[in-house]
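The values are calculated or read from the model by the stated rules, or taken from the named source; none is laboratory data. Not measured: the values here are computed from a predicted model. Heads up, the Cβs are rebuilt from the backbone with ideal geometry, glycines too, and the neighbour counts pull from every protein chain shown.
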Amino acid sequence: MEKTKKKILIAEDEPATMRAMADSIKAAGFEVIKATDGEQAVEFALRDHPDCILMDIRMPKMDGLTALKRIRKNEWGKDVCITILTNISDSAKVDEALKDGAFEYLIKADWEVDKIVKKLKTRLGIE
Amino acid sequence: MDILVIVISLVAILCFGIGLFLFIQTKQLKKTFTKKEQEMGRRMYELAILKELGDRIGYSLNVQNIVDIITGSLHQFIEYDVVSYMLLQPEKIIFKVQLEESVSRKFIDDVKNRMMNSLSALLNQEFKNDQIDEVLVGAIVVDEVEEPVRSFFNIPLVIAGNVVGVLTVADTKVGLYKEEETTILYKITQQASQAVTRLQEVIKTEQGKLNAMVESMTEGVVMTDKDYRVVVANPAVRKTIGIEDKKDITIFDFIDHLEGKFDIRGKLEESVKLDKMLITEEVPLHERYYQIFVSPVKSSLGIKGEEIIGAVVIFHDITHEKELTKMRKNFTSMMVHELRSPLDGIKKMVTVLEKGDIVKDKQTQKEYYGLIHQNSSNMLDLVNDLLDVAKLESGKFQVRPVPNDLRKLITESEQFFQSSAKVATIMLDSVIDKQIPTEIQFDYSRIGQVLNNLISNAIKFTFAGGKVTIGVFLHKKGGEIKKEANGACIAWAPTNNIAELENLPDCIIIPIIDTGRGIAADKISTLFNKFTQIDPVLEFTGMKGTGLGLVIAKGIVESHHGVIGVFSKEGAGSTFYFTIPI
C-alpha cells in the first residue's frame with residue numbers, strides 16, 4: 001500500500017493554510033511534501049517528483065509563477081500537474097500562469113480543503 | 001488646464017493693452033482738437049477716421065483693413081474719381097481701386113503704372129505686372145469715358161519706417177490737389193502709420209513677455225496661427241517630441257515626430273472648427289505618457305466679438321501620475337491579499353477542526369489554536385498599521401511625549417529581539433552613550449514601535465553571521481556627528497551629506513547599523529513613502545511585508561519633531577537612524 005501513495009507537493013508560506021491543507025490531504029491517503037517558499041518548491045519538486053503540485057504565488061524568495069517556469073524547464077517537470085492556488089485574483093496573473101503551463105488557476109479562499117482533496121483524487125484517478 | 005488659462009488670459013491681456021493704448025491715443029488727440037477751433041471740421045474728420053481705425057485695430061492689425069477704412073471715408077473730404085492703394089504682400093501686390101465715378105480702363109492702367117513706378121522708386125525694386133492682384137470696387141469701368149488722369153496725388157504708406165505700399169487719389173479734372181488737401185492726407189496716413197507702428201511695438205513687448213513665460217513652462221506648448229503655422233514651440237515641447245535642436249519648426253515636424261500616435265493636425269482643425277477644447281487622455285511618446293489639450297485661441301476684443309486667431313496644443317506629462325495610480329492599485333491588491341491570506345488560513349483550520357475526523361488529539365488541536373491565534377494577531381497588527389497610516393494621512397495621528405527612560409526602552413527592545421537574532425545567527429548589540437539624560441520626553445510605546453520596526457528590518461535583511469548594532473548618542477547643536485558617535489564608541493560615520501542631518505538641534509541620535517545587503521541608491525528615496533516602497537522591497541528581498549512600518553515610523557518620529565533617514569550602499573549594509581530632540 002505504502003508504495004502506491006501519490007505524492008502531493010504543497011508550496012505555501014501561510015502556516016495555518018499549509019497545516020490545514022497538509023493534514024487534510026495526508027488524511028485522504030496522500031504523501032505530502034511541504035515547501036514554504038518558491039525556491040524550496042522548485043528544489044523539492046525536482047528532488048521528489050510529486051504527482052501533483054499545489055502552488056501559491058506570493059511567497060518569499062521566489063514567487064510561484066517563477067517556480068512554475070523553472071519546473072517546466074526541467075525535463076521531468078514538463079508534464080507534471082501544477083495547480084496554482086492563490087489569493088491573488090488578477091486576470092493578468094491568470095493569463096501568465098496558464099501561458100506558462102499551469103494546469104488550472106484557483107482562488108484559495110473559494111476552495112475548502114475537502115474540495116481540494118476531492119479535486120486531487122479525481123485528478124490522480126483515485127476512487 | 002491652468003497653463004491653458006494663463007495662455008488665453010495673456011492673449012486677453014494683450015488685447016486689453018492694445019485697447020488701452022488706443023484709448024490714450026484718442027485722448028491726446030482730443031486735447032489738440034480744443035486748441036485749434038478753426039480746424040474743427042478737419043480734425044473731426046481725422047478723429048472719426050482714427051477712432052474707427054482704433055476700434056478696428058483693436059481686433060486686427062491688418063494694414064489693408066486700416067487702409068480700407070481710410071479710403072472708404074476719404075471722399076467726404078477730398079474730391080476724386082478714383083482712390084486706390086497698392087500693398088506689398090509676401091508673394092504679390094494687392095491693388096485695390098475704389099471708383100467714385102466711372103472711368104476708362106486706360107485711366108485705371110495709367111494710375112496703376114504711376115503707382116507701380118512710385119513703389120519701385122520708393123523701394124528701389126522692379127515689380128512685374130503679373131505680381132499684381134487687382135480688385136475694382138464702386139462705379140463701373142466705362143471705356144467711352146475717355147478723360148485722362150489730370151490730377152494725381154500719391155503718398156507712401158510707411159509702417160515702422162518701412163514702406164509697405166502707396167495710396168493714390170486721381171481725377172479727370174485739372175489742378176485738384178493743392179497744399180491743404182495733400183497736407184490732410186499726409187497727416188491721416190502718417191497718424192495711422194504711427195498708431196500701427198506703436199501698436200506693433202506694444203505687441204512685440206507683450207509677445208516677448210508671453211514668449212518668456214511660455215518658454216519657461218514645464219508643460220510642452222505649441223501655438224499655431226489660423227493657418228497652422230507654428231508661432232511658438234517652447235523648449236519643453238521640443239524635448240517631448242524630440243526636436244530640440246531644430247530651427248524653424250513647422251507643423252510637419254510635429255506630424256513626423258509624433259509618428260501617428262497623435263493626429264495633431266486633425267485635432268487642431270477639429271478644435272478650431274468646433275470652437276472647443278479637446279482632451280486626449282493618454283498618448284505614449286518616447287516612453288512617457290502625455291495628456292494632450294488642444295484649444296482654439298481667441299481674441300476677445302473686436303467688432304465682431306470673439307475671433308479665433310489660432311490654436312494651442314499643450315502636452316501634459318502624466319507619467320508620474322500613471323505610476324502613482326499603478327502603485328496605488330498594487331498597494332490595494334497587496335493589502336487585500338495580506339488580509340485575505342491569514343483569514344483564509346483561519347477559515348481552513350476551523351473547517352478541519354469542525355470535521356473532527358482529521359484533528360483528534362489534544363496536542364494537534366492546541367497547535368491549530370496556536371496558528372489561529374497567530375494569524376488573528378497578525379491581521380490585527382496589519383489593521384492597526386492601516387489605521388495608523390490613515391491617521392497620519394488625515395493629520396489625526398497623535399503621540400503623548402512624557403518623561404521616560406530611553407535606556408530602559410533600548411535595553412528592552414534589544415532583549416526582545418535577541419532570540420530571533422540568535423535563530424538567524426546574527427549578533428545583536430546596543431551601545432548607549434553615558435552622556436544621555438536619564439529622562440527624555442517621548443511616547444514610550446510609539447518610540448518602541450519605531451525601534452521594533454527598524455531592528456526587525458535590520459535582522460531580516462542581514463545575512464547569517466552578520467551584525468546589528470543599536471547606537472544611542474547625544475548630539476549638540478553644531479557638533480560633528482561622526483565625532484560625537486565615535487566618542488560614544490559607536491562606529492558610525494554618515495557617508496554622504498544629507499540635508500536632514502544638518503542644523504540639528506540638541507537631540508539624541510539613534511542609528512541602527514547592520515551589515516546586511518544594503519539598499520540600491522534609487523530605492524532609498526521611496527522607502528518612507530506609502531505606495532512606492534512596497535514593490536522595490538519585495539522585489540529586492542523576496543521578503544513579505546506590507547512596508548507600512550517605515551511609513552508609520554516616519555510619522556511617529558516626525559510627531560516628536562525628530563528626523564528619520566537611512567544611509568546605505570548596496571552590498572555594504574544600511575544604517576537607519578532617527579532623532580529625538582531634547
Residue identified as modelled with pLDDT under 80, more than 30 Å from B:MET379 (Cβ to Cβ) and assigned by TED's automatic domain parsing to the domain that holds B:LYS239 among B:LEU278, B:LEU274, B:LEU285, B:LEU301: B:LEU301
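For the subset of segment A:93-115 comprising residues that are more than 11 Å from every other protein chain (Cβ to nearest Cβ) and assigned to a helix (DSSP H, G or I), which member is surrounded by the most Cβ atoms within 10 Å (Cβ to Cβ)?
If we filter segment A:93-115 for residues that are more than 11 Å from every other protein chain (Cβ to nearest Cβ), which is where we start, we get A:94-106.
Checking which are assigned to a helix (DSSP H, G or I) leaves us with A:94-99.
Numbers: A:VAL94: 17, A:ASP95: 11, A:GLU96: 17, A:ALA97: 24, A:LEU98: 13, A:LYS99: 9.
By that ranking, first place goes to A:ALA97.
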Residues of segment A:37-54 that turn out to be of a type in the set (S, T, N, Q) and either assigned to a loop (DSSP other than H, G, I, E, B) or within 9 Å of another protein chain (Cβ to nearest Cβ) (or both), as a count: 0
Answer residue from segment B:366-405, given it is touching a residue at least 24 places away in the same chain (Cβ under 8 Å) and over 30 Å from B:ILE556 (Cα atoms) and is farthest from the other protein chains (Cβ to nearest Cβ) among those: B:ILE372
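Of the residues B:THR240, B:THR182, B:THR168, only one is hydroxyl-bearing (Ser, Thr, Tyr), within 30 Å of B:VAL142 (Cα to Cα) and assigned to a helix (DSSP H, G or I); which?
Answer to the selection: B:THR182.
In the set A:ILE25, A:ILE57, which member is out of contact with any Ser or Thr (no Cβ under 7 Å at 6 or more places or on another chain), within 14 Å of chain B (Cβ to nearest Cβ) and buried (at least 20 other Cβ atoms within 10 Å of the Cβ)?
Numbers: A:ILE57 fails: out of contact with any Ser or Thr (no Cβ under 7 Å at 6 or more places or on another chain).
From the options A:ILE25, A:ILE57, the qualifying one is A:ILE25.
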Index of the failed condition, A:THR86 passing every other in (1) more than 23 Å from A:ALA22 (Cα to Cα); (2) surrounded by 15 or more Cβ atoms within 10 Å (Cβ to Cβ); (3) hydroxyl-bearing (Ser, Thr, Tyr): (1)
Count of residues meeting criterion [within 9 Å of chain A (Cβ to nearest Cβ) and not β-branched (Val, Ile, Thr)] in segment B:311-337: 3
Tally, over segment B:122-146, of residues that are part of a loop (DSSP other than H, G, I, E, B) and farther than 16 Å from B:VAL97 by Cβ: 7
Residue match in segment B:322-344 (condition: under 30 Å from B:ILE69 (Cα atoms), hydrophobic (A, V, I, L, M, F, W, C) and either surrounded by fewer than 18 Cβ atoms within 10 Å (Cβ to Cβ) or out of contact with any Lys or Arg (no Cβ under 6 Å at 6 or more places or on another chain) (or both)): no
Selected residue (criterion: nearest to the other protein chains (Cβ to nearest Cβ)) from residues of segment A:3-22 that are surrounded by fewer than 20 Cβ atoms within 10 Å (Cβ to Cβ) and in a helix (DSSP H, G or I): A:PRO15
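Kindly indicate whether B:ASP443 is of a type in the set (D, E, K, R) and farther than 17 Å from B:ALA553 by Cβ.
Working: of a type in the set (D, E, K, R): yes; farther than 17 Å from B:ALA553 by Cβ: no.
Here the answer is no, as B:ASP443 does not meet what is asked.
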Cβ-Cβ under 8 Å pairs, at least 6 apart or on other chains, segment B:346-365 side facing chain A (nearest Cβ under 7 Å), far side assigned to a loop (DSSP other than H, G, I, E, B): B:LYS348/A:GLU112; B:THR351/A:GLU112; B:VAL352/B:ILE358; B:VAL352/B:VAL359
Residue ID - farthest from B:THR469 (Cα to Cα), chosen from residues in segment B:404-448 that are of a type in the set (Lys, Arg) and either surrounded by 13 or more Cβ atoms within 10 Å (Cβ to Cβ) or not assigned by TED's automatic domain parsing to the domain that holds B:ILE513 (or both): B:ARG446
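Out of A:LYS34, A:LYS118, A:LYS69, which single residue is among the charged types (D, E, K, R), under 11 Å from the mean Cα position of the chain (by Cα) and either away from chain B (no Cβ under 13 Å) or part of a strand (DSSP E or B) (or both)? Steps first, please.
Working: A:LYS118 fails: under 11 Å from the mean Cα position of the chain (by Cα); A:LYS69 fails: under 11 Å from the mean Cα position of the chain (by Cα).
One residue alone meets the criteria, A:LYS34.
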Meets criteria (in contact with a Leu (Cβ under 8 Å, 6 or more places away or on another chain), in a loop (DSSP other than H, G, I, E, B) and surrounded by 15 or more Cβ atoms within 10 Å (Cβ to Cβ)) for A:GLY77: no
Yes/no for A:ALA20 being more than 26 Å from B:LEU371 (Cα to Cα), in contact (Cβ under 8 Å) with a residue 12 or more places away in the chain and among the small types (Gly, Ala, Ser): no
One residue from B:GLN441, B:GLN435, B:GLN415 being touching a residue at least 60 places away in the same chain (Cβ under 8 Å) and of a type in the set (S, T, N, Q): B:GLN441
Enumeration of residues in segment B:100-114 that are among the aliphatic types (A, V, I, L, M) and within 13 Å of B:GLU134 (Cα to Cα): B:ILE108, B:VAL111
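Can you go through B:ILE524, B:ILE510 and tell me which one is β-branched (Val, Ile, Thr), at pLDDT 85 or above and either buried (at least 17 other Cβ atoms within 10 Å of the Cβ) or in the same structural domain as B:GLN435 (by TED's automatic domain parsing) (or both)? Spell out how you get there, then give the answer.
Details: B:ILE524 fails: at pLDDT 85 or above.
None of the other options fit; the residue is B:ILE510.
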Verdict on B:GLN435 being modelled with pLDDT under 95 and either under 15 Å from B:ILE510 (Cβ atoms) or within 51 Å of the chain's Cα centre (by Cα) (or both): yes
